[in-house]
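*Asks:* Below you'll find the structure I mean.
The values are calculated or read from the model by the stated rules, or taken from the named source; none is laboratory data. Remember, predicted model here, so these are calculated numbers, not experimental data. Neighbour counts are summed over all protein chains in view; Cβ atoms, including those assigned to glycine, are modelled from backbone coordinates with ideal geometry. Accessible surface areas use protein heavy atoms only, side chains included; no ligands, DNA or RNA. Shrake-Rupley method; radii C 1.70, N 1.55, O 1.52, S 1.80 Å.
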Amino acid sequence: MGNYALKFAIFPVYPNEPGTISGIAKGPNYLQDDMIERLKHGPVNFDFKVQLYTSDKSNPIEDGVVEWSPKDSPFVTVGRLTIPKQEHGFCYWGNMLSCVDKLSFGPWVRHHDFKPIGSLNRARRLVYQASSSYRKS
């Protein structure tokens, strides 16, 4: 981001908030089912956090096997994503999901200040392009 290397992640604000479906993890769409159920009961919030690069030893960019320890580079919350309460049924979600399946996402469709770096991102670029081409065919 600009002149800074960083990693970003999104974390649920209340991982055990009301609306969580226990035992739903049995079906093929359990994450979707869980989100639909949560949104019936209220908004779902996520914190957007970043870890700033501090050194090649603590935060190697070219070695994706090394975890960036929060001890060396603590996560800093820079924003919050709130998905408002929704009571749509499966028909609505099914139609929306068919539209979403036709979209493509990649870290390379970005503002010029954001540039994916590192060997893993170079490999991901090829995978994202192949996946997008496949889904659009």
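*Asks:* Just to verify a result, which residue in region 45-93, among those that are exposed (fewer than 12 other Cβ atoms within 10 Å of the Cβ) and touching a helix residue (DSSP H, G or I) at 6+ places or on another chain (Cβ under 6 Å), is modelled with the highest pLDDT?
*Replies:* Result: Glu62.
*Asks:* Scan region 94-137 residue by residue and report those that are within 25 Å of Met35 (Cα to Cα), of a type in the set (Phe, Trp, Tyr) and either modelled with pLDDT under 80 or touching a helix residue (DSSP H, G or I) at 6+ places or on another chain (Cβ under 7 Å) (or both). Please lay out each step first, then the result.
*Replies:* Restricting attention to region 94-137, the residues satisfying the condition of being within 25 Å of Met35 (Cα to Cα) are 94-107, 128, 131-132, 135.
Cutting the leftovers down to of a type in the set (Phe, Trp, Tyr) gives us 105, 128.
Listed by number, the list holds a single entry, Phe105.
*Asks:* Cβ contacts < 6 Å: first residue over 17 Å from Asn59 (Cβ atoms), restricted to region 104-122; second residue open to solvent by less than 100 Å² (accessible area, probe 1.4 Å) and of a type outside the set (Gly, Ala, Ser), any location; separation 6+ or different chain. Result?
*Replies:* Listed pairs, sorted by first residue: Gly106/Tyr128; Pro107/Pro116.
*Asks:* Something else about it: With (1) loosely packed, with under 11 Cβ neighbours inside 10 Å; (2) over 15 Å from the mean Cα position of the chain (by Cα) as the list, and Phe105 as the residue in question, which single condition is left unmet?
*Replies:* It is condition (2) that Phe105 fails.
*Asks:* So which residues in region 108-130 are within 17 Å of the chain's Cα centre (by Cα), farther than 15 Å from Leu6 by Cβ and not β-branched (Val, Ile, Thr), if there are any at all?
*Replies:* Of everything in region 108-130, those that are within 17 Å of the chain's Cα centre (by Cα), farther than 15 Å from Leu6 by Cβ and not β-branched (Val, Ile, Thr) turn out to be Trp108, Arg124, Arg125, Tyr128.
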